Amino acid sequence: MDYQPDSDEHQDGNALAGPLSEIFAVDLTSALGRCASCGVTEPVARLHVYTRAPGLVGRCPHCGHVALRVVRSPDTAWLDLCGTAALRIPLTS
Amino acid sequence: MGVVSPGFRGRARESSRRLPPGQYETHDFPVLSAGPTPRITRDEWEFAVTTETGARHAWNWAELTALPSDSPTVDLHCVTKWSKFDTSWQGVSLDVLLAEVETAADFALVSSYGGYTSSLPLEDLLDGQAWIAYGYDGDDIPPEHGGPARLLVPHLYFWKSAKWVHGIQLLTEDEPGFWEGLGYHDYGDPWREQRYQGD
Ligand SMILES: [Zn+2]
């Protein structure tokens with residue numbers, strides 16, 4: 001896919017911090033995610049996040065594939081991570 | 001002394017009658033997008049219908065715009081709760097495009113340049129309910145609103161009306177599209193407020 005982002009259209013992955021904090025006990029924006037499509041590993045905070053949509057769509061900044069999606073209804077959250085091959089989550093020991 | 005004209009009250013009454021539950025009226029045209037805006041030239045643009053047997057029917061830009069067109073004026077209802085009244089489009093009815101297509105399918109998966117998809121029953125694309133639109137408000141459709149061409153199926157929530165439409169697959173079983181596969185309603189009737197699965 002020929003990914004041609006326009007910086008007016010998306011925010012960075014920090015836009016995911018609030019919505020994901022409802023679901024996970026740790027801050028996932030500092031986790032390292034490996035793109036299931038191109039294999040590049042980047043912090044979740046570097047994703048290109050499209051927020052003017054029915055849900056949040058996080059795209060790999062390198063290849064543009066969808067790495068993560070979140071939909072929030074009044075009583076349910078849906079999370080799609082099938083575009084993320086692995087998440088490396090830093091934890092305090 | 002304030003005088004509210006009967007015309008103004010009439011408009012307000014009409015507005016509430018045309019507004020599905022949970023929606024508010026907007027006068028601008030919000031741009032919603034799950035990804036970057038693809039820039040597709042008319043020269044490279046193509047639209048194809050693929051049936052459940054694999055038969056493929058394709059139209060390029062010249063072929064599409066040579067077909068008889070309609071100029072529907074419709075209300076739009078976005079699942080993010082805005083509604084926009086009296087939008088004017090130009091496009092080719094799916095009745096025209098599907099007239100020569102032989103199929104026993106019940107479902108359609110619409111796909112776009114850029115990878116977006118939406119799904120709906122095939123019957124909702126027929127009987128004057130849906131168009132491949134290539135004109136908006138007397139002009140070309142701007143890329144951010146789905147140009148050069150988008151699906152227009154205004155009786156369902158607007159996420160079904162895929163921007164930058166590229167093809168429709170006719171299927172014997174429902175295959176959820178981009179939002180139908182992540183919590184949104186399979187059908188999406190704004191008048192029954194079918195936003196999420198289970199609504
Ligand atoms: Zn990638």
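Scanning the range A:39-88 for residues that are within 18 Å of B:HIS185 (Cα to Cα), not β-branched (Val, Ile, Thr) and not in a loop (DSSP other than H, G, I, E, B) returns A:LEU56, A:ARG69, A:ARG72, A:ALA77, A:TRP78, A:LEU79, A:ASP80. Of everything in the range B:149-199 that's touching a helix residue (DSSP H, G or I) at 6+ places or on another chain (Cβ under 6 Å) and among the aromatic types (Phe, Trp, Tyr), which residue is nearest to the other protein chains (Cβ to nearest Cβ)? For the range B:149-199, the residue satisfying everything is B:TRP179. The single residue among A:ARG46, A:ARG34 that is over 29 Å from B:PRO30 (Cβ atoms), touching a strand residue (DSSP E or B) at 6+ places or on another chain (Cβ under 7 Å), away from chain B (no Cβ under 13 Å) and charged (D, E, K, R) turns out to be A:ARG34.
Note on the range A:9-68: residues that are open to solvent by 30 Å² or more (accessible area, probe 1.4 Å), hydroxyl-bearing (Ser, Thr, Tyr) and touching a residue at least 40 places away in the same chain (Cβ under 8 Å) amount to 4.
Flag not set for A:ALA77, criterion: in contact (Cβ under 8 Å) with a residue 40 or more places away in the chain, of a type in the set (A, V, I, L, M), closer than 26 Å to B:TYR113 by Cα and surrounded by fewer than 18 Cβ atoms within 10 Å (Cβ to Cβ).
Within the range A:49-64, the set of residues being farther than 16 Å from A:GLY18 by Cβ and more than 8 Å from every other protein chain (Cβ to nearest Cβ) comprises A:CYS60, A:PRO61, A:HIS62, A:CYS63.
The values are calculated or read from the model by the stated rules, or taken from the named source; none is laboratory data. These figures come from a predicted structure and were not determined experimentally. Because the Cβ atoms are built from the backbone with ideal geometry, glycine has one as well, and the counts that use them run over all protein chains shown. These area figures cover heavy atoms from the full protein model, side chains too; ligands, DNA and RNA do not enter into them. Shrake-Rupley method; radii C 1.70, N 1.55, O 1.52, S 1.80 Å.
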